[in-house]
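The values are calculated or read from the model by the stated rules, or taken from the named source; none is laboratory data. In this text the structure is predicted, and so the values were computed from the model without any measurement. Here Cβ is always computed from backbone atoms with ideal geometry, including for glycine, and neighbour counts include all displayed protein chains. Just the protein is used for accessible areas: all its heavy atoms, side chains included, with ligands, DNA and RNA removed. Shrake-Rupley method; radii C 1.70, N 1.55, O 1.52, S 1.80 Å.
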Amino acid sequence: MPLRILGIETSCDETAAAVVEDGRRTLSSVISSQAELHSAHGGVVPEVASRQHVRDLVPVLDQAMSACGMSLEEVDAVAVTYGPGLAGSLITGLNAAKAIAYSLGVPLIGVNHLEGHIYASWLTQTNPEEDPGFPLACLVASGGHTDLLLMEGHGNYKLVGQTRDDAAGEAFDKAARILGLGFPGGPEIQRVSEGSTGEVKLPRAWMKDTLDFSFSGLKTALLHLAQDRDIYPSPSPEIDEEQLAALVRELAAGFQESVVDVVSAKLVEMAAKYRVKGLVLGGGVTANARLREEITRRSPLPVIVPPPVLCTDNGAMIAACGYFQFQRGEEWPMELDINPGLPLG
Ligand code: KG4
Ligand code: ZN
C-alpha cells in the first residue's frame, strides 16, 4: 500500500500544503506566498505573517486536497514544520496539523524545516540514496541559514560549516534593499544582474581554514560602493534612468558573484574533504541560477539540483522528509511544541 503524507509548512512567509506518496511522488502541492504583503517593509513582518497564515491555511489545505482528488480521511500521516522559523507562524501550522492528525487518528510527525529543504532532492527524478548514494554533502542556503551538512544516512547529519553572521538569503535581501530593489531580494538581484559586464568586484570572506561563511562585510562593501556611486540612500538627480539601471546591474552582479564564488567553493571543498558521493542543494538561495550553474560546473561529483519551486519553501519537502521519519517509526506526541531555534546536525 502506498503511503500518502500530508505536509504542512508555515515557518516563515509561505503557507504551503502538499500530499506526497512514498516520500518521492508529489500528488499535489499548493503554496501561497505572502511576499507582496511584506514587500512594502523590505522584509518579513512576523506579526503580519502569522495573521496571514491563519487566513490562508484552510484554503491552501482545501486546494491541496482537491488538486489530488483525495479527502483528508485518506492521508496516512500529517507532517508539519515545528522549527526553525518564526514562532507565530510555526504555531499556526503545528496547531492545524495536530487538529487534523487527532481527528483522523493518524500519526503526527514533527519536521525540521532545514531537513525538509534537503528532502526536496528526493522529489526529483534522481533518487539520492541510490544515485549517487550516501554520504552526501548538503548545502542549505535560505533566509535564515547557510549550512553545510554531511548526511551519512536518513536522519543522520553533521553540521560542518555555517555562517558566522548573516545568512546568504538575508544578505541577498539586504543587498536588494541597498540597491532599491524589491523583496524577496534574491530573485530581484538575479533578474537585474543579467547582462552585466562583470566590471564590479566585491570582496569575499574566505574564513581561512574553516567551512564557515560571513556575508556582513560584503553587505557593508556594497553599501559603501552604492554611496560612492551616489545611488544610496537614494539616487542622485544627476543620474538618469539608464545610468541608474546600469549601475544597479553591475553592483547587483558584483554582489551575486561574490556570494556564488564563496558558497560554491566551500561546498565543493567540503565534498572533497568528507569524500562524499554527491552534492544536494536546498533552500531559497539555491534557486539562484548562477549558484546552480557554478556548483554544477565546479563539482567533479554529481549534483542534485531541485527545480527552483522546490528550493523555496513548500509543503512537499516537509511531506517527503516526514515519510522517511515515519519509516523509522517516529510518531510525535500531541504535546509537540514549536521550536523557533531548532538546530540540525
Ligand atoms: O528557503 P526560503 O524560501 O525560506 C527560508 O527558509 O528562509 O528562502 C528564502 C530566501 C530569501 O532570502 C530569498 O531572497 C532567497 O531565499 N532567494 C534567492 C532566490 N530565490 C529566493 N536568493 C538568490 N537567488 C534567488 N533566485
Ligand atoms: Zn526555507
Projected label distance in nm at LEU104 and ALA87, using a 7 Å step from Cα toward the beta-carbon: 3.0
Could you tell me how many degrees, from 0 to 90 and to the nearest 10, lie between the Cα long axis of helix 216-228 and the main elongation axis, the longest principal axis, of the Cα atoms of the chain? 40
Would you kindly derive the ³J(HN,Hα) couplings of the range 82-94 from the backbone phi angles with the Karplus curve 6.51 cos²θ - 1.76 cosθ + 1.60 (θ = phi - 60°), listing them in order in whole Hz, with x for Gly and Pro? 10, x, x, x, 7, 3, x, 6, 4, 4, 4, x, 5
About the Cα centre, and with charges only on the beta carbon of Lys, Arg (+1) and Asp, Glu (-1), how big is the dipole of the range 205-345? Nearest 20 debye, please. 840
Vicinal HN-Hα couplings computed from phi for the range 46-62 (Karplus, 6.51 cos²θ - 1.76 cosθ + 1.60; Hz; Gly/Pro x): x, 4, 5, 4, 5, 5, 5, 4, 4, 6, 8, 4, 5, x, 5, 5, 4
Counting only residues 5 or more places away or on other chains, whose amide H sits under 5 Å from the amide H of ASP212 once H atoms are built in the peptide plane? GLN162
Estimate the FRET efficiency between SER236 and ARG297 by the formula 1/(1 + (r/R0)^6), using the beta-carbon distance for r and 51 Å for R0, to the nearest 0.05. 0.85
Any trypsin sites (Lys or Arg not before Pro) in the range 260-321 that lie in a DSSP loop and have at most 10 other Cβ atoms within 10 Å would be ARG275
Rounded to the nearest 20 Debye, what is the dipole magnitude of the chain about its Cα centre when Lys and Arg each give +1 and Asp and Glu each give -1 at the C-beta? 740
Given the chain, what percent of its DSSP beta bridges are antiparallel, to the nearest 5? 60
State the answer as a single residue: which of PRO107, ALA137, VAL48 lies farthest towards the positive end of the charge dipole of the chain, with beta carbon charges of +1 for Lys and Arg and -1 for Asp and Glu, about the Cα centre. ALA137
Positive-end residue, the chain charge dipole about Cα centroid, Cβ charges, pick of PHE172, GLY341, ASN127: ASN127
Past 31 Å, Cα to Cα: identify those pairs from LYS201/LYS277; LYS98/LYS219; LYS98/LYS273; LYS158/LYS208; LYS174/LYS277, in the order given. LYS201/LYS277; LYS98/LYS219; LYS98/LYS273; LYS174/LYS277
Charge context of GLY110, other residues only, Cβ under 14 angstrom, K/R +1, D/E -1: -4
Find the relative contact order for the range 1-77 and round it to a whole percent, using C-alpha pairs within less than 8 Å whose residues are 6+ positions apart. 35
With a sphere of radius 13 Å drawn around the Cβ of LEU136, what net charge do the other residues whose Cβ falls strictly inside it have (Lys, Arg +1; Asp, Glu -1)? -2
Counting only residues 5 or more places away or on other chains, whose amide H sits under 5 Å from the amide H of THR146 once H atoms are built in the peptide plane? THR163, ALA168
Between the DSSP loop rule and a limit of at most 13 other Cβ atoms within 10 Å, which GluC sites (Glu not before Pro) in the range 41-142 are left? GLU130
Share of carbon and sulfur in the accessible heavy-atom surface of the chain [1.4 Å probe, %]: 50
Apply the Karplus parameterisation 6.51 cos²θ - 1.76 cosθ + 1.60, with θ equal to phi minus 60°, to every residue of the range 195-209 and state each ³J(HN,Hα) to the nearest whole Hz, in sequence, with x for glycine and proline. x, 5, 7, x, 6, 8, 10, 10, x, 10, 9, 8, 6, 2, 6
Quickly estimate the mean residue ellipticity at 222 nm for the chain, helices only: each DSSP H run with n ≥ 4 gives -39500 (n - 2.57), and the total goes over all residues, rounded to 500. -13500 deg cm²/dmol
Roughly how many debye, to the nearest 20, is the charge dipole of the range 1-104 about its Cα centre, given +1 on each Lys and Arg Cβ, -1 on each Asp and Glu Cβ, and no other charges? 100
Given that compact globular proteins tend to follow 2.2 N^0.38 Å, what is the ratio of the alpha-carbon Rg of the chain to that value? 1.00
Label zone at ARG25 (point 7 Å along Cα-to-Cβ), backbone N below 17 Å, the range 88-122: 122
